[in-house]
Amino acid sequence: MLPRLMFRSQTLRPRLAGVPALVMPRRMLTVTRTLLMTDGEQHIYDKLHGELQPTKLSVTDSSGGCGSMYVVEIEAECFRGLNRVKQTKMVNGLLKSELKDMHGMRVLCTVPPEKA
């Protein structure tokens, strides 16, 4: 029997149960696709990643796999200087056609820390 894959919360870092996670640069972990995404998660991920070039992006189907509810956590430089409402409207505008087929979507937008 194959070991069950697990995900740490808030990241896209897959690891095997009971095996320590690989040490990799954080940026590589947060923008890399995962093989375990549903088609809906992958579609939203690809669309947002292509348009906004986020430094962190996580898309999760919170409806149990039926695709009616998603949680999107995104950190992007293009949000700098915008309030949370405008950041969320930017994401919702990109996913306008997808939102028609969903019950809802929770969007958590952040701005990356400024470089020293």
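Select from the range 94-106 the residues that are more than 13 Å from Lys47 (Cβ to Cβ) and either surrounded by 15 or more Cβ atoms within 10 Å (Cβ to Cβ) or touching a residue at least 60 places away in the same chain (Cβ under 8 Å) (or both) and list them in ascending order. Working first, answer last.
From the range 94-106, those more than 13 Å from Lys47 (Cβ to Cβ) are 100-104, 106; that's our starting set.
Answer for the range 94-106, where residues must be more than 13 Å from Lys47 (Cβ to Cβ) and either surrounded by 15 or more Cβ atoms within 10 Å (Cβ to Cβ) or touching a residue at least 60 places away in the same chain (Cβ under 8 Å) (or both): just Met102.
Scan Ser58, Ser63 and give me the residue that is under 20 Å from Met37 (Cα atoms), among the hydroxyl-bearing types (Ser, Thr, Tyr) and either within 12 Å of the chain's Cα centre (by Cα) or in a strand (DSSP E or B) (or both). Can you show your working first?
Working: Ser63 fails: either within 12 Å of the chain's Cα centre (by Cα) or in a strand (DSSP E or B) (or both).
Only one candidate qualifies: Ser58.
If you take the residues of the range 21-55 that are assigned to a loop (DSSP other than H, G, I, E, B) and modelled with pLDDT under 50, which of them is least open to solvent (accessible area, probe 1.4 Å)? Spell out the reasoning first.
Pass one, the range 21-55, residues assigned to a loop (DSSP other than H, G, I, E, B): 21-25, 31-38, 53-55.
Add one more test, that the residue is modelled with pLDDT under 50, and what stays is 21-25, 31-32.
Details: Ala21: 21, Leu22: 125, Val23: 146, Met24: 81, Pro25: 79, Val31: 37, Thr32: 67 Å².
So, considering only residues that are assigned to a loop (DSSP other than H, G, I, E, B) and modelled with pLDDT under 50, the one least open to solvent (accessible area, probe 1.4 Å) is Ala21.
For the range 48-90, name all the residues that are without any contact (Cβ under 8 Å) to a residue 24 or more places away in the chain, more than 18 Å from Lys100 (Cβ to Cβ) and of a type in the set (A, V, I, L, M, F, W, C).
Of everything in the range 48-90, those that are without any contact (Cβ under 8 Å) to a residue 24 or more places away in the chain, more than 18 Å from Lys100 (Cβ to Cβ) and of a type in the set (A, V, I, L, M, F, W, C) turn out to be Leu82, Val85.
Those residues that are among the charged types (D, E, K, R) and out of contact with any helix residue (DSSP H, G or I) (no Cβ under 8 Å at 6 or more places or on another chain), I need them from the range 89-116; list them, please. First the steps, then the outcome.
Going residue by residue through the range 89-116, those that are among the charged types (D, E, K, R) are 89, 96, 98, 100-101, 106, 114-115.
Within the range 89-116, Lys89, Lys96, Lys100, Asp101, Arg106, Glu114, Lys115 meet the criteria.
The values are calculated or read from the model by the stated rules, or taken from the named source; none is laboratory data. Given the structure is predicted, the values throughout are model-derived calculations rather than measurements. Using ideal geometry, Cβ is built from the backbone for each residue, glycine included, and neighbour counts are taken over all protein chains shown. Accessible surface areas use protein heavy atoms only, side chains included; no ligands, DNA or RNA. Shrake-Rupley method; radii C 1.70, N 1.55, O 1.52, S 1.80 Å.
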